[in-house]
Amino acid sequence: MPSIGRDDVTHLADLARIQLTDEEVDRLAGEFDAIMDAVASVSEVASEDVPATSHPIAMTNVFREDVVSDTTLTQEQALDQAPDAQDGRFAVPQILGEE
């Protein structure tokens, strides 16, 4: 497997518009090599008779059935457990700095 050198790390950093120090470039080059070695070892084990999986354990999603109900929360019930409410609405911290 080809190795990732300093020039490759610098090129990737330039593409991502990330400024790296010389120490960071050296460290990342070594880390990329370790990652490439790990990928190569997995590629050696994987064969055509082994199916590709995204998760080692078979998983199924369990959803409750959607049932239409006449029971709905009132505004007071919905806001009852809210940490803060104002004017009949949930109050949340301002994040955009707007008035």
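Coordinate-derived values only; no laboratory data. Nothing here was measured: the structure is a model prediction, and the numbers come from that model. Please note: Cβ atoms are built from the backbone with ideal geometry, for glycine as well, and neighbour counts cover all protein chains shown.
Numbers for the structure displayed
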quantity: For segment 1-56, alpha-carbon Rg over 2.2 N^0.38 Å; calculated: 1.48
quantity: Cα-centred dipole magnitude for the chain, charges only on beta-carbon of K, R (+1) and D, E (-1), debye, nearest 20; calculated: 160
quantity: Principal axes of the chain: Cα extent on each, largest first, Å; calculated: 63, 49, 19
quantity: Amide H contacts of A85 (H built 1.01 Å from N, under 5 Å, at least 5 apart or other chain); calculated: A91
quantity: Euclidean distance between Cα centres, segment 35-61 to segment 69-99, Å; calculated: 46
quantity: Estimated distance in nm for a label pair at E44 and T60, the labels positioned 7 Å out from Cα along Cα-to-Cβ; calculated: 3.8
